[in-house]
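What follows is one structure encoded as structure tokens, with my remarks underneath.
A short reminder: the numbers here are calculations on the coordinates, not readings from a lab. Keep in mind that what you see is a predicted model, and the values were worked out from it rather than measured. Don't worry about glycine lacking a Cβ; one is built from the backbone with ideal geometry, like all the others, and counts go over all protein chains shown.
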Amino acid sequence: MKSFLRIVSVLCSLQIVSAFVAPTNIAQVAPSIMTPTSTFSQLNLAPIDTDTLNTIVNNAPSMMLSETEPWVEPLSQILGPFFNIFSFFMLCRVVISWYPTSNLNEFPYNVVVWPTEPLLRAIRGTVPPAFGVDITPIVWLAIFSFFNEILCGQQGLLTMKMKYGI
């Protein structure tokens, strides 16, 4: 049935159809669509005027989103960039760690080092170095990537809450 409605909306947007038909009883239409031997005359359709069909097609994208709490969208708009920026900063910290002689208080490095150092210092005692290399930026990169995907990803909790209201 969704593909049928999608075809109708495409045809109307291309203005190929000036007046179309809609089912008078969905319960009668669904079984006949499912059978391979059904014909167009079995669908029991009634005419719809163009204005009604245009209203349905134009409002279709807004009908897909459900009503949700007002805090969800702003939180998603804040957390998404936050996780992405800090993931990038942690990736930069991994690259900076390859050059131990660099001064971390100089301009290009301090932009990345100063915001991330408190996070790294918090778990440096817990996560031991692997083969003499500090892996705490990699741990934080994994944490930020995980939470970004769980909360703000395509099937993240906040995204699903905005789309479907769950």
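How far, in nm, would the chain grow between Asn58 and Asn84 when pulled straight, counting 0.36 nm per residue and subtracting the alpha carbon separation?
Gain in length upon complete extension: 6.0 nm.
Choose one of Ser102, Pro129, Phe144: the residue whose Cα lies farthest towards the positive end of the charge dipole of segment 96-165 (beta-carbon charges +1 Lys, Arg; -1 Asp, Glu; about the Cα centre).
So the residue we want is Phe144.
When Lys and Arg each count +1 and Asp and Glu each count -1, what net charge do the other residues less than 12 Å away from Val72, Cβ to Cβ, add up to?
My count for the surroundings of Val72 gives -1.
For Glu149 and Trp98, FRET efficiency with R0 = 35 Å and r from the beta-carbon atoms, rounded to 0.05?
Calculated transfer efficiency: 0.85.
Obtain the nm distance between the two label points defined at Arg124 and Val72 by a simple spin-label model: each point lies 7 Å from its Cα along the Cα-to-C-beta direction.
A separation of 4.1 nm, rounded to one decimal place.
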